[in-house]
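What follows is one structure encoded as structure tokens, with my remarks underneath.
The values are calculated or read from the model by the stated rules, or taken from the named source; none is laboratory data. Quick caveat, the model's predicted, so the values are computed rather than measured. Quick reminder, even Gly has a Cβ in these numbers, built from the backbone with ideal geometry, and neighbours come from all protein chains shown. Side chains included, ligands, DNA and RNA excluded: accessible areas come from the protein's heavy atoms. Shrake-Rupley method; radii C 1.70, N 1.55, O 1.52, S 1.80 Å.
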Amino acid sequence: MTRPIRSHERHRALEQAQLYLLLSESACVRPLELTLEGALRGGVDVVQIREKSLIDEALLEHTRNVVRQVDGRALVMLNDAADLIDAADVDGLHVGQEDLAGGEARERVGPNRLLGISTHDDREIALARPFADYLGFGAIFRSSTRSDVIARGPAEAAHAQELAGSDLPVFAIGGIDASKIDDLVRVGIRRVAVCQAILGAEDAEGAARELGERLRGQG
């Protein structure tokens, strides 16, 4: 049975987190359960459940299964579905700019769960800062799946963290794989969110471990 996580434990785990996984079954080259297990063994710190095609009971069941498998080894965030966070017993909610506004999202989440907000520029960071426990910022590199996304580059990621402040973690996102980590580390970025770099790997454990080692400057 999953051990309940207290609010201060969630925040402590978030402060230490470096590797954030966007989990989507459609992106997995191997079965989701095997991929997730490998990612956890490889050192993933946060798992965001991102299943846009699932709604209501199907999403709730899927989320509960992920929470059960993770079993406290990483934080579990649910993308967008604020109505399910209590029933699913996740660690928090992540919202994009087209989802709930920061203040409303914080009201829905409450004081004991985490709130993450996606941002893309200075204005969005400023608006999100009073409500978020962490930010996603990007896209940093050009994505193979989104040709319309502007690649902002490592320097913009460093600027986003400076603007957010030392007390608000910022995870760089967008087109990041192991070959890009060194460029981010050089400008002081030690937190990244990835999807394909792990889910698209035959060896999810090895992929996650390499990412973590590079973030720690061991690669």
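Numbers below:
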read-out	value
Total residues in the stretch 98-119, condition more than 15 Å from the chain's Cα centre (by Cα) and either at pLDDT below 95 or part of a loop (DSSP other than H, G, I, E, B) (or both)	7
The stretch 191-206 residues that are closer than 16 Å to residue 171 by Cα and of a type in the set (A, V, I, L, M, F, W, C), paired with ones that are assigned to a strand (DSSP E or B) and open to solvent by 40 Å² or more (accessible area, probe 1.4 Å) (beta carbon under 9 Å, 6 or more apart)	192/173; 193/173; 194/173; 195/173
Residue identified as without any contact (Cβ under 8 Å) to a residue 24 or more places away in the chain and out of contact with any Leu (no Cβ under 7 Å at 6 or more places or on another chain) among 100, 127, 115	100
Of all residues in the stretch 24-57 being over 29 Å from residue 9 (Cα atoms) and of a type in the set (Gly, Ala, Ser), the one that is surrounded by the most Cβ atoms within 10 Å (Cβ to Cβ)	27
Conditions (1) touching a strand residue (DSSP E or B) at 6+ places or on another chain (Cβ under 6 Å); (2) within 22 Å of residue 195 (Cβ to Cβ); (3) crowded, with 19+ Cβ neighbours inside 10 Å; (4) of a type in the set (A, V, I, L, M): number failed by residue 81	(1)
Test for residue 216: is it open to solvent by 50 Å² or more (accessible area, probe 1.4 Å) and closer than 21 Å to residue 37 by Cα	no
Criterion (closer than 25 Å to residue 35 by Cα and not small (Gly, Ala, Ser)) met by exactly one of 148, 167, 177	177
In the stretch 173-203, the residues that are more than 13 Å from residue 157 (Cα to Cα) and open to solvent by less than 10 Å² (accessible area, probe 1.4 Å)	194, 198, 199
Count of the stretch 56-108 residues which are of a type in the set (Lys, Arg) and closer than 18 Å to residue 22 by Cβ	1
Counted residues, the stretch 122-143 - those being farther than 20 Å from residue 83 by Cα and open to solvent by 60 Å² or more (accessible area, probe 1.4 Å)	7
